[in-house]
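The values are calculated or read from the model by the stated rules, or taken from the named source; none is laboratory data. Note that the structure is predicted; figures quoted are calculated from it, not measured. FYI the Cβ positions are ideal-geometry reconstructions off the backbone, even for glycines, and counts take in every protein chain you see. Ligands, DNA and RNA are excluded from the accessible area calculation, which covers all protein heavy atoms including side chains. Shrake-Rupley method; radii C 1.70, N 1.55, O 1.52, S 1.80 Å.
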Amino acid sequence: MIRSPRSVWSSFADRVRHLFGSRRWRIARNGVLAGLLAGLIGSAYRAMIAETSGVARRIYEFLGSEGPLPLVAWMVAAGLAAFATSRLIVWEPMSSGSGIPQVKGILEHKMTMRPLPVLVARFAGGTIGSVFGLSLGREGPSIHLGAASAQLLAKPLRATSEEQDHLLTSGAAAGLSAAFSAPVSGMLFGIEGLHRSFSPLVIASASTGALAADAVATAIFGPHPILQFGTVDVLTLPLLWVVLPLGVVAGLVGSLVNRLLLASQDLLGKLPTTARLFVALLIALPCGLWLPQVLGGGERLIGWAEFEATGLGIVALLLVAKILFTSTSFGSGIPGGIFMPILAIGTLTGAGYAIAAQTLGLPGQYQAILAVCGMAGVLAASVRTPLTSILLTAEMTGSLAHLLPVATVVVIAVFTADALRIPPIYDALLERSLEGP
């Protein structure tokens, strides 16, 4: 039977209406819109933190070459910054800390969020911490900023309760994507780190948000990831055994980092808000004057550890300093994340292991790949996102040739942390937030 042109067109129109009215289409459309908005806000935050991190280094260079008067001025400025940041945190308590536990809590319907105050307090508080060089990253706050910006769209888009959850997932994935210029990592973190679910709708929301945000970040910063490892030699199969002890070491370091982050929260949490923020800023002063490598999130430190580190002593010193400085910075509660500092700690761990192995005959050409393996292993042990940790390194190195050694280290590191019964850091932080003071 031959159908009339009108019936064919009517059938086609019905199918189009059904497609664009479907739940999956609405979630994908919302994800793109959330990704574009979160990409803009995340890119602005990324640019601000990059600029203020440079300001911090210049400030400490100046302080180290002048007399006591600039130090007095710095102390006064630190006191004012601590007071201003404490007012921000009191005004919007959800702006304190990383931001990832808060997003997890919202998605689990255990928390609620005021998006505009979160955007203002996170942006301002993170900028203040960066000006003073605190060892904090922008990735966690970028995820929170992305989720908050996505929630702003819920009412205009008339999103249902389920669609709001997916909208926040899109924004969060977009935040990490924009922070790193790494869309696959942003997508996987939204799936694995926030939901631990590979349902089609979660995949749709995370992927659309991450890809849309990456388009924005690429237009602003160019097509390259924030961490570029350059040429990384492939670890040959006969030498694969070399990474087995590194997996255990990475698991131990990741577990230690989690313990110290929580212990620092306990210790500094006994002080009033302004006082604990001021303590963290005071600790930044000697770090900035004598070990400026540990300032900020750690991008420069990662590059140095891969190719320029040659002495085990200085690597060990910087590793210990970075762990302790990150713990006190984060424990103060100032808006700022731990994702990038953990990557820097992991890279130092891998580089130190490589230098130690070179004394036993391992060629120096493998330092970069072992540093990459250490980075992925410590991140996986701390956060328990093995897939994100593995594929993040692939995006950063621009090659899949390193997946086997990286995945081996990640699996061993996760098993080591599990054996020590160390909870994932963001789960532990969320539990503490829900328990209250």
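Annotation for residue 240 and residue 90: the two label points, set 7 Å from Cα along the Cα-Cβ direction, are 5.9 nm apart. On the beta carbon distance between residue 317 and residue 22, with R0 = 45 Å, the FRET formula returns roughly 0.20. Above 25 Å, the calculated P(r) of the stretch 117-229 contains 21 percent of its Cα-Cα pairs. Here the stretch 293-425 has an Rg and Dmax of 14.2, 44 Å, counting Cα atoms alone. Ranking 158, 87, 24 by solvent-accessible area of protein heavy atoms (1.4 Å probe, all protein chains present), from largest to smallest, gives 158, 24, 87.
Between residue 162 and residue 324, what length in nm is gained on full extension when 0.36 nm per residue of separation is reduced by their alpha carbon distance?
On the way: separation 162, 0.36 × 162 = 58.32 nm, distance 4.08 nm.
Working it through step by step, the gained length comes to 54.2 nm.
A 1.4 Å probe run over the protein chains yields, for the stretch 128-282, 36 Å² of accessible area per residue, whole-number rounding. Start at zero, step by 10 Å, and the Cα-Cα distances of the stretch 165-283 spread as 12, 22, 26, 33, 7, 0 percent across the bins. Scaling the Cα radius of gyration of the stretch 289-342 by the globular reference 2.2 N^0.38 Å produces a ratio of 1.14.
Over the stretch 266-308, the ratio between the Cα radius of gyration and 2.2 N^0.38 Å evaluates to 1.51. Globularity index of the stretch 55-107 is 1.65 (Cα radius of gyration / 2.2 N^0.38 Å, N = number of residues). When peptides 280-287, 339-346 are sorted by average Cβ neighbour count within 10 Å, with the highest value leading, the order is 339-346, 280-287. From most to least packed by mean Cβ count within 10 Å, the peptides 207-213, 325-331, 313-319 give 207-213, 325-331, 313-319. You can think of it this way: the chain between residue 307 and residue 29 has 95.8 nm of extra reach, that is 0.36 nm per residue less the Cα-Cα gap. Rolling a 1.4 Å probe across the protein heavy atoms gives the stretch 24-93 an accessible surface of 50 Å² per residue.
Mean projected area of the convex hull spanned by the Cα atoms of the stretch 355-437, taken over all viewing directions: 7.0 nm². Taken about its Cα centre, the chain carries a charge dipole of about 1300 debye when Lys and Arg each add +1 at the Cβ and Asp and Glu each add -1 at the Cβ. Computed over the alpha carbons of the chain, Rg followed by Dmax gives 22.5, 95 Å. Here the label points at residue 401 and residue 221, each 7 Å from Cα along the C-beta direction, are separated by 2.6 nm in the simple model. Note on residue 155: lysines with a C-alpha under 29 Å away, same-chain residues under 8 apart excluded, are 104, 110. With Cα atoms as the point set, the radius of gyration and Dmax of the stretch 209-338 evaluate to 18.2, 56 Å.
For the stretch 70-151, the spread of Cα positions along the three principal axes, ordered from largest to smallest, is 47, 22, 17 Å.
For the chain, what % of the accessible area comes from carbon and sulfur atoms, probe 1.4 Å? Accessible surface attributable to carbon and sulfur in the chain totals 68 percent. The order of the peptides 241-247, 182-188 by mean Cβ neighbours within 10 Å, most packed first, is 182-188, 241-247.
Amide H contacts under 5 Å for residue 137: 337, 338, 339, 340, restricted to partners 5 or more places along the chain or on a different chain, H placed in the peptide plane at 1.01 Å from N.
Any idea how far the Cα center of the stretch 108-183 sits from the one of the stretch 263-316, in Å? Result: 25 Å between the Cα centres.
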